[in-house]
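Report on the following structure.
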Amino acid sequence: MAKAVVVFSGGQDSTTCLIQALAHYDEVHCITFDYGQRHKLEIKIAEHIANDLGVAAHKVMDVSLLGELAISSLTRDSIPVSHELQANGLPNSFVPGRNILFLTLAGIYAYQIGAETVITGVCETDFSGYPDCRDEFVRSLNQSLVLGMDRQFTIATPLMWLNKAETWALADQYGKLDYVREQTLTCYNGIVGDGCGDCPSCDLRRAGLDDYLQHQATVMAALEAKQAQHKA
């Protein structure tokens, strides 16, 4: 029986990954992290979607220590989300160590339940500038976890080389574009669906959706070409 663990926030990217995983694995588990993020609604949305889509199990893990240590606009209500980059070249929504911790804990969970794949929606092609979303980082951490636990498993990144328009196209491949658009929470200000329309996350999401809806056939063809390339 093929098992997978999806690192699941209830946002557009992780929900699209979950929809795809449910079509390809016999048993899918979700793991969601409570790290003191600025809107707790994210966790409730994740619970609702996981239940609605019928995953085998959904684990919510308290890692609030991360929120205490990592200073970011996503962990401090007193810091407004900014469109401007910081002096270090990163957005102020970057939470240092977040994906290191999340993927490590998801790997441990996968070990315990006998899953051979951990799935995460990180993306290097069309992302917010976070260094822990890069392919090089994921492959490096994957190798370290395999060495540290002496067990083969794969951290899969289905969205790594997709832009946001192609991510919308992927949801549409599975007949779930409207579901992802209406049910997910990507907005940094905690507004479900199309969001606040002003934060960097909403800007990226909206631009990708507009691109897909305006150039549907072209974007879908580009997605299928990338799928064929990486399958080969």
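Among residues belonging to region 26-65 that are at pLDDT 95 or above and part of a loop (DSSP other than H, G, I, E, B), point out the one that is most open to solvent (accessible area, probe 1.4 Å).
Applying the filter and picking the extreme gives 26.
Given (1) surrounded by 16 or more Cβ atoms within 10 Å (Cβ to Cβ); (2) more than 17 Å from the chain's Cα centre (by Cα); (3) at pLDDT 95 or above, where does residue 156 come up short, assuming only one miss?
(2)
Let me confirm something: among 119, 108, 191, which residue is under 18 Å from residue 8 (Cβ atoms), open to solvent by 60 Å² or more (accessible area, probe 1.4 Å) and among the hydrophobic types (A, V, I, L, M, F, W, C)?
108
From the residues in region 162-183 that are in contact with a helix residue (DSSP H, G or I) (Cβ under 8 Å, 6 or more places away or on another chain) and assigned to a loop (DSSP other than H, G, I, E, B), which one is least open to solvent (accessible area, probe 1.4 Å)?
162
Is there a residue being assigned to a helix (DSSP H, G or I), among the charged types (D, E, K, R), touching a residue at least 60 places away in the same chain (Cβ under 8 Å) and open to solvent by less than 30 Å² (accessible area, probe 1.4 Å) anywhere in region 204-220?
yes
For residue 146, indicate whether it is at pLDDT 95 or above, among the β-branched types (Val, Ile, Thr) and over 20 Å from residue 117 (Cα atoms).
Against the criterion (at pLDDT 95 or above, among the β-branched types (Val, Ile, Thr) and over 20 Å from residue 117 (Cα atoms)), residue 146 does not qualify.
Among what's in region 134-152 and is touching a residue at least 24 places away in the same chain (Cβ under 8 Å) and part of a loop (DSSP other than H, G, I, E, B), pick the residue that is most open to solvent (accessible area, probe 1.4 Å).
The extreme case among them is 152.
Tally time: how many residues in region 1-32 are under 12 Å from the mean Cα position of the chain (by Cα), under 17 Å from residue 110 (Cβ atoms) and not aliphatic (A, V, I, L, M)?
The total comes to 5.
Looking at region 156-177, I want the residues that are within 16 Å of residue 10 (Cα to Cα) and have a partner that is of a type in the set (A, V, I, L, M, F, W, C) and in a loop (DSSP other than H, G, I, E, B) with Cβ atoms under 6 Å, at least 6 apart or on another chain. Which pairs are those?
159/123; 167/159
Any residue at all in region 113-133 that is at pLDDT 95 or above, assigned to a helix (DSSP H, G or I), within 27 Å of residue 65 (Cβ to Cβ) and hydrophobic (A, V, I, L, M, F, W, C)?
Within region 113-133, one or more residues are at pLDDT 95 or above, assigned to a helix (DSSP H, G or I), within 27 Å of residue 65 (Cβ to Cβ) and hydrophobic (A, V, I, L, M, F, W, C).
Taking into account only those residues within region 15-25 that are of a type in the set (Ser, Thr, Tyr) and surrounded by 23 or more Cβ atoms within 10 Å (Cβ to Cβ), which is nearest to residue 51 (Cα to Cα)?
Checking each candidate, the answer is 15.
The values are calculated or read from the model by the stated rules, or taken from the named source; none is laboratory data. Everything numeric here is computed off the predicted structure, so don't read it as measured data. Cβ atoms come from the backbone with ideal geometry, glycine included; neighbour counts cover every protein chain shown. SASA here: full protein model, heavy atoms, side chains in, ligands and nucleic acids out. Shrake-Rupley method; radii C 1.70, N 1.55, O 1.52, S 1.80 Å.
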